[in-house]
Amino acid sequence: TDDLTYEVAAMADIPIEGNIIPAEWLTSIKMETGKTDSISILILSDIVYWYRPIIIRDEQSGRILGRRKKFRADLLQRSYTDLENLFGFSRSQIKDSLQRLEKRGLILRVFRNIFTNGTTLTNVMFIKLFPEEVRNLTCKNSMGILPHTYGDKSSYPITLVPTPVETNRQTYTET
């Protein structure tokens, strides 16, 4: 029997894509006070969006031909300003949130010097995502037990080198 209401049926026609927040994150990503860490959840959902591959399909058959990443470099390049503008949080809120995500082992901030358009930019932030940790966070059931996962585990070891907490939040450049 078709028990869809008009609203539910109409939602099927709206192509929603972008950041998705699994319900498990709301109960798992917490501040030290025990409250939900909404800023970290939003930032993590954006990082996960960028790391989800684009599916390449054959136009005639619809068959999947392959996948590709959404960003150019080997890691996602994001600046504090990008995240400030996207979410409307302060620079210190963004930095603190990224540090909390690092501490949980979900991401790693990597600062690089890059050469672009004839100019060297220093301390450009890139973000490495640890998919196994995202899976562990997302796939826990209500008892905190991970369900059976199919396929091979990743063969590369996870080595975390957390970025030290800054006491002086001043910067000499804006990227």
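The values are calculated or read from the model by the stated rules, or taken from the named source; none is laboratory data. Note that the coordinates shown come from a computational prediction; the quantities given were computed from them, not determined experimentally. Counting neighbours? That spans all protein chains shown, and the Cβs are built from the backbone with ideal geometry, glycine included. Keep in mind that these areas ignore ligands, DNA and RNA; they rest on the heavy atoms of the full protein, side chains included. Shrake-Rupley method; radii C 1.70, N 1.55, O 1.52, S 1.80 Å.
Brief remarks on what is shown
- Point-to-point label distance, Asp2-Lys69, nm (Cα→Cβ direction, 7 Å offset): 4.4
- The trypsin sites (Lys or Arg not before Pro) found in the stretch 1-65 that occupy coil by DSSP, while having at most 10 further C-beta atoms within 10 Å, are Lys35, Arg63.
- Length gained on full extension, Phe115 to Ile16: 32.0 nm, using 0.36 nm per residue less the C-alpha separation.
- Stretchable slack from Leu26 to Gln60, in nm (0.36 nm times residue separation minus alpha-carbon distance): 8.2 nm
- Rough spin-label spacing in nm, given labels placed 7 Å along Cα→Cβ, for Thr122 and Ser92: 2.5
- Normalising the average separation of contacting C-alpha pairs (under 8 angstrom, six or more residues apart) by the number of residues puts the relative contact order of the stretch 1-107 at 19 percent.
- In the full protein context, the stretch 47-90 carries 72 Å² of accessible surface per residue, based on a 1.4 Å probe and ignoring ligands, DNA and RNA.
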